[in-house]
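The values are calculated or read from the model by the stated rules, or taken from the named source; none is laboratory data. All values reported here derive from a predicted model rather than from experimental measurement. As a convention, Cβ positions derive from the backbone with ideal geometry for all residues, glycine included, and neighbour counts pool all protein chains shown.
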Amino acid sequence: MAADAVRKKLHPEGVVTYIVDRNINYTNFCTEYCSFCAFYRPMGHPEGYVLPKEVIFHKIQETLDLGGTGILMQGGLHAELKIDWYADLLSSIKTRFPRLHLHCFSAPEILHIAEVSGLTIRDTIARLRDAGLDSIPGGGAEILDDAVRYRISRLKCSTAEWLEVHRTAHRLGLRTTATMMFGCGETLEQRVNHLEVIRRLQEETGGFTAFIPWTFQRENTSLGRFIKEEATAVEYLKTLAVSRLYLETIPNIQSSWVTQGLKTCQLGLRFGANDVGSVMIEENVVSAAGAHHRSTEEELRRIIRDAGFVPRQRDTLYRTLFLN
Ligand code: SF4
């Protein structure tokens, strides 16, 4: 009830938003070996891929044909691709699809591109922005507590590095989102540490548009051998509500149907959330780890209406200033 009251204060018009977009995973090659990840393949693995530009263009055209406004493009940390490859990809997409919003490359990818290319974080983000990057997704945060990160993603960036990428992006004028993947054996204190560092950065920059918590999906992951049970729906809803209360300066909280299913996602709208995320024309990462929920735009609109809210399509920056 307290979280619902905060949601109502921030969004008194009773609108719940969603976006039509697509996840494009340009490569699944990765050098990091995170134990919760079922998506990556080591460099040289026969199941590894890097999508050709033409395939990416085709996926974008399909997205636009379905009324989509943007793409969320992320991949593994490829050992050889440098800034020129990424900048060329972004600029060639923007040349063909000038109005498409490019929400791309999580903090670990940005750090990796900087390292492989011998650039600073600032120069890397500025170069990507100049090539067409519009905003940065909050992936790769998992739990922003280094003891947890050391256990589940030892090779990936530290808490301070993740925050520095987002701080730098905000200073360069890019908005970003923040995420939290919980239920991977962390303590409640470590979850609170995560909320606290996000809250502090938001107080400093105001650059986060949304907070998106979801639960660890254990199927096909090596961490899943040790975490016998995924977080329950009750735990998810409680965490959503606490997030809404703790992060009052972040305008939007997203309820996740992809990991929780439509029913729990709908309940989340009374536990502080005001957004149900993406219609997800394509999703490969959590589905590799056992989340197989599917939905359509009409279904998302229906669960929003049935919960007593007005559904409205938004863009990646949570703007609803177009007809729907
Ligand atoms: S979570 Fe990301 S960085 Fe970690 S192994 Fe998977 S693709 Fe690589």
- Query: L237 passes all but one of (1) under 20 Å from H11 (Cβ atoms); (2) crowded, with 16+ Cβ neighbours inside 10 Å; (3) of a type in the set (A, V, I, L, M); (4) touching a residue at least 40 places away in the same chain (Cβ under 8 Å); which number fails?
  - Reply: (4)
- Task: Could you list all residues from region 235-257 that are assigned to a helix (DSSP H, G or I) and out of contact with any strand residue (DSSP E or B) (no Cβ under 7 Å at 6 or more places or on another chain)?
- Result: E235, L237, K238, A241, V242, L245, Y246
- Message: Could you check region 44-98 and list, in sequence order, the residues that are among the aliphatic types (A, V, I, L, M), within 16 Å of the ligand (Cβ to nearest atom) and either in contact (Cβ under 8 Å) with a residue 60 or more places away in the chain or under 22 Å from S135 (Cβ atoms) (or both)?
- Response: L51, L72, M73, L77, L81
- Query: Would you say N252 is under 14 Å from the mean Cα position of the chain (by Cα), under 17 Å from P137 (Cβ atoms), buried (at least 19 other Cβ atoms within 10 Å of the Cβ) and of a type outside the set (V, I, T)?
  - Reply: yes
- Message: Please verify whether L72 is touching a Cys at 6+ places or on another chain (Cβ under 9 Å) and part of a helix (DSSP H, G or I), treating the condition exactly as stated.
- Response: no
- Is there a residue in region 21-42 that is assigned to a helix (DSSP H, G or I), in contact with a strand residue (DSSP E or B) (Cβ under 6 Å, 6 or more places away or on another chain) and away from the ligand (no atom under 16 Å from the Cβ)? no
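For region 240-249, how many residues meet the condition of being surrounded by 17 or more Cβ atoms within 10 Å (Cβ to Cβ) and either over 19 Å from E13 (Cβ atoms) or of a type in the set (A, V, I, L, M, F, W, C) (or both)?
6
Can you tell me which residues in region 148-160 are more than 13 Å from the ligand (Cβ to nearest atom) and touching a helix residue (DSSP H, G or I) at 6+ places or on another chain (Cβ under 7 Å)?
Step one: of region 148-160, the residues more than 13 Å from the ligand (Cβ to nearest atom) are 148, 150-151, 158-160.
Across region 148-160, the qualifying residues are V148, S158, T159.
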- Item | The lone exception for A3 - which of (1) part of a loop (DSSP other than H, G, I, E, B); (2) closer than 23 Å to E142 by Cα; (3) among the small types (G, A, S) it fails | (1)
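So that you can scan it fast, the table gives a plain yes or no per residue for (1) over 18 Å from G173 (Cβ atoms); (2) at pLDDT below 95:
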residue: F36; (1), (2): yes, yes
residue: Y49; (1), (2): yes, no
residue: E54; (1), (2): yes, no
residue: G76; (1), (2): yes, no
residue: E80; (1), (2): yes, no
residue: H101; (1), (2): no, no
residue: A107; (1), (2): no, no
residue: D123; (1), (2): no, no
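Looking at region 115-138, is at least one residue of a type outside the set (A, V, I, L, M), under 27 Å from T296 (Cα atoms) and either within 16 Å of the ligand (Cβ to nearest atom) or free of Cβ contacts under 8 Å to residues at least 40 places away in the same chain (or both)?
We begin by selecting, within region 115-138, every residue of a type outside the set (A, V, I, L, M); these are 115, 117-118, 120, 122-124, 127, 129-130, 132, 134-135, 137-138.
Retained after the next criterion (residues that are under 27 Å from T296 (Cα atoms)): 134-135, 137-138.
In the following step, the residues that additionally are either within 16 Å of the ligand (Cβ to nearest atom) or free of Cβ contacts under 8 Å to residues at least 40 places away in the same chain (or both) were identified as 137-138.
Within region 115-138, one or more residues are of a type outside the set (A, V, I, L, M), under 27 Å from T296 (Cα atoms) and either within 16 Å of the ligand (Cβ to nearest atom) or free of Cβ contacts under 8 Å to residues at least 40 places away in the same chain (or both).
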- Task: Might you check whether a residue that is modelled with pLDDT under 95, basic (K, R) and surrounded by fewer than 20 Cβ atoms within 10 Å (Cβ to Cβ) occurs anywhere in region 212-232?
- Result: yes
- Query: Within region 69-102, which residues are closer than 22 Å to G44 by Cβ and aromatic (F, W, Y)?
  - Reply: W85, Y86
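Report whether or not A291 is outside any strand (DSSP E or B) and farther than 17 Å from F211 by Cα.
When the stated conditions are applied, A291 passes them.
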- Which residues, counting only those in region 91-110, are in a helix (DSSP H, G or I), surrounded by 22 or more Cβ atoms within 10 Å (Cβ to Cβ) and of a type outside the set (G, A, S)? I93, P108, E109, I110
